[in-house]
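Data first, discussion second: the structure below is written as structure tokens.
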Amino acid sequence: MYDLSKVVVTSSPHIKAADDTRSLMLDVLIALVPALCVAVYTFGPRALVLTAISMLACWAFETIYNKIVGQPNTTGDLSCLVTGVLIAFNVPVSAPWWMLVFGSLFGIIVVKMLFGGLGKNFMNPALGARAFMMASWAGLMTTWTAPHASLPVLGKVEMTDAIATATPLAALKTGALPDAGVAELFLGQTGGVIGETCALALLAGGAYLLWRKVITINIPAAYILTVAVLTLLFPMGGVDRVQWMLSQVLSGGLMLGAIFMATDYVTSPVTPKGQIIFGVGCGLLTVLIRYFGGLPEGVSYSILIMNTLVWAIDKATHPRKFGYALDKKKEAK
């Protein structure tokens, strides 16, 4: 006979899984390692130092906030470290270390913790921090260094002719193909922010996340394919369509944004159909900003704009409910 007094009755869903926030965030950190290794190879140890400073700042600000408001310390879930890496990946290697500290302050305190912490923020903290730094220090955020230039590990970078360079997107903005070929773009041997240049490393990290089932293919595929189709159909200037499309897909922050930031659980739709709509919207906005905006890049702003529409996408794509009468009055509201 069973002792029914020991039976625990709980509400659904009854799901048992070994995954938790910490394990998921650890997988994301592992997936970011290839891009970090390429960044250190391309830009030198300064890239690693800036990434470490950003991670430490995010951890410290989240710890301090929790201490001030009397909440348990939430840094153990590792989400603050993921935010720290992504903030560093979104700045040029020439950026001063203090700028990453201020960016981490904004991303963690303003975008994440003031809205209630992980799971309650309506936009990606790293992209919110990038937008804040872009608005505050536009010059520092658009100063690019050439690959393998000799840079100080932590001090101020003096932008000489041997160090300064342009990004591939700067050429694409004028309707011309970049000097770097497709192979150089794919391997990351171009100017750009710390974590965006090497498509191969980012795709390897994305493949790991797919294998670990941390993300699904819906958003990255919809995002990247939308950009690819639009740029193939509507190239600027009299350039080869395929070359133009490949240059657009492999340049800038498209791979980084599509794989690691647009897929953020908190700020992306939960339904498969909604994820595809979200990815297509991000791709469409990215191309529109790149073609007609004042800046050559549009990835971060496109994702932030779509973040604000997630609630509407989820509402429009939620699965049909069976087994109860539809309240048309409430539905109309």
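Inside segment 127-241, counting only helices (runs of 4 or more DSSP H) that do not spill past its ends, which hold 3 or more residues that are open to solvent by 40 Å² or more (accessible area, probe 1.4 Å) and in contact with a Leu (Cβ under 7 Å, 6 or more places away or on another chain)? Before the answer, list the steps.
Numbers: elements: 138-141, 168-173, 182-187, 199-211, 218-233.
Helices (runs of 4 or more DSSP H) meeting the threshold: 182-187.
In segment 40-78, how many residues are crowded, with 19+ Cβ neighbours inside 10 Å, of a type in the set (Ser, Thr, Tyr) and modelled with pLDDT under 95?
Count: 1.
Determine the pairs where a residue that is more than 24 Å from Leu114 (Cα to Cα) and in contact (Cβ under 8 Å) with a residue 12 or more places away in the chain, located within segment 44-69, has a partner that is surrounded by fewer than 19 Cβ atoms within 10 Å (Cβ to Cβ) and polar (S, T, N, Q) with Cβ atoms under 9 Å apart, the partner being 6 or more residues away or on another chain.
Gly44/Ser150
I need every pair where a residue in segment 171-191 that is within 14 Å of Val249 (Cα to Cα) has its Cβ under 9 Å from the Cβ of a residue that is among the basic types (Lys, Arg), sequence separation at least 6 or different chains.
Listed pairs, sorted by first residue: Leu172/Arg290; Lys173/Arg290.
Here is a check on your reading of the model: is Gly252 modelled with pLDDT under 95 and crowded, with 22+ Cβ neighbours inside 10 Å?
On the way: modelled with pLDDT under 95: yes; crowded, with 22+ Cβ neighbours inside 10 Å: yes.
So Gly252 fits the description; yes.
Inspect segment 302-315 for any residue being under 23 Å from Leu24 (Cα atoms), among the acidic types (Asp, Glu) and either out of contact with any Cys (no Cβ under 9 Å at 6 or more places or on another chain) or surrounded by 23 or more Cβ atoms within 10 Å (Cβ to Cβ) (or both) and give the result as yes or no.
yes
The values are calculated or read from the model by the stated rules, or taken from the named source; none is laboratory data. Values in this document were obtained by computation on a predicted structure and should not be read as measured data. Glycine also receives a Cβ, built like all others from the backbone with ideal geometry; neighbour counts cover every protein chain displayed. Heavy atoms of the whole protein, side chains included, go into the accessibility calculation; ligands, DNA and RNA do not. Shrake-Rupley method; radii C 1.70, N 1.55, O 1.52, S 1.80 Å.
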